Amino acid sequence: MSPNSLTLIGLLISIWAAVAFSKGDLLAGGLLILFSGFFDMIDGAVARAKDCMTAFGAVLDSVCDRYADAIIFVGIIYGIIAGNIIQTTLFSVPLWLWVVFAIMGSYLVSYVRSRAETAGATAMNIGIAERPERMMILVAGTLSGYLGESIVIIVILTHITMIQRLLHAKRSLA
């Protein structure tokens, strides 16, 4: 299989995870995130092993990662609104709104890196909550019954990571 095919399979599994979350099946959603992560991990390894790394493959991988992040969180929001996931309030904020903040943070982590690298910053994959860490926190939360808490942790860590990257970009571009 080509690396791009593996990337697309990983995305399809993420969509499946979102459907599981929308139905309130946290166990299946969490396990499917792990399964999707396997494909996300091996697509690059296969590209390197086959010596067929391409600029388009890197772009496709990045776009599919962003889409997968969003669709998983949207599945969780739908599950909450549909009543399939227990609606909780953490720190007086409804869970669905925490998920929106998690989407924002996830996208800002990626955007700051992309924008800073375009401006000429180097070594921008820094920070405490890159995509694999965020997904593992989400999986841990779904499998342990602490979904809400894991989302709050993702919100906090993504915004810290975004600030870390901004500060690094400022130093790198000075």
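Backbone amide hydrogens, once placed in the peptide plane, bring residue 85 within less than 5 Å of 80, excluding anything fewer than 5 places away on its chain. Spin-label model, residue 119 to residue 146: label points 7 Å out along the Cα-to-beta-carbon direction sit 3.6 nm apart.
Each residue of the stretch 123-132 is assigned a 3J(HN,Hα), and the resulting list reads 6, 8, 8, 10, x, 8, 9, 6, 3, x Hz, derived from the Karplus form 6.51 cos²θ - 1.76 cosθ + 1.60 (θ = phi - 60°), x at Gly and Pro. Measuring nothing but how far apart in sequence close Cα pairs (under 8 Å, 6+ apart) lie, relative to its length, the stretch 3-173 scores a relative contact order of 24 percent. Rounded to whole numbers, the Karplus 3J(HN,Hα) couplings from phi for the stretch 136-147 are 5, 5, 5, 4, 4, x, 6, 7, 9, x, 10, 4 Hz, using 6.51 cos²θ - 1.76 cosθ + 1.60 with θ = phi - 60°, and x at Gly and Pro.
Only the coordinates and a few stated rules stand behind these numbers; no lab work does. Note that the structure is predicted; figures quoted are calculated from it, not measured. With ideal geometry, Cβ positions are generated from the backbone for all residues, glycine too; neighbour counts draw on all protein chains shown.
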